[in-house]
Amino acid sequence: MILCEDETFTVDETWIKRQAPVQVKTSVRLVDTIVEREKQMIEAALAECEGLISGPSGAAAKLCLPRQTLESKIRKLGINRHLYKTA
């Protein structure tokens, strides 16, 4: 809400801090960041579920994904699911 004592609204220039736009120093593609985060989440779920993918205590259930979708993502991301099995 803006309140003004007169009919004309004015802004004192000292209220406005002039800055050069912040420039990103490194260029990171959003899609790369998303893929890396997805891989981390899948690996964490596999570790927590001891490599189990399907079933109520499997990684697919934990990630709220269909088993087939998770298996496809594991192949696409090059994750070795056998590294997470304990027995």
Q: Would you mind finding the one in V31, V22 that is within 25 Å of the chain's Cα centre (by Cα) and not in a loop (DSSP other than H, G, I, E, B)?
A: V31
Q: Say whether the condition of being part of a loop (DSSP other than H, G, I, E, B) and in contact with a Leu (Cβ under 6 Å, 6 or more places away or on another chain) is met by at least one residue in region 71-81.
A: no
Q.
Whether any residue in region 2-20 is at pLDDT 80 or above and either surrounded by 10 or more Cβ atoms within 10 Å (Cβ to Cβ) or charged (D, E, K, R) (or both) is what I want to check.
A. no
Q: For S54, work out the one condition from (1) more than 21 Å from the chain's Cα centre (by Cα); (2) hydroxyl-bearing (S, T, Y); (3) not in a loop (DSSP other than H, G, I, E, B) it doesn't fulfil.
A: (3)
**Q.** Criterion violated by L65 - all others in (1) surrounded by 14 or more Cβ atoms within 10 Å (Cβ to Cβ); (2) part of a helix (DSSP H, G or I) satisfied
**A.** (2)
Q | Test for E43: is it in a helix (DSSP H, G or I) and surrounded by 10 or more Cβ atoms within 10 Å (Cβ to Cβ) | A | yes
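The values are calculated or read from the model by the stated rules, or taken from the named source; none is laboratory data. Quick caveat: nothing in here was measured; it's all calculated off a predicted structure. We place every Cβ from the backbone using ideal geometry, glycine too, and count neighbours over all the protein chains shown.
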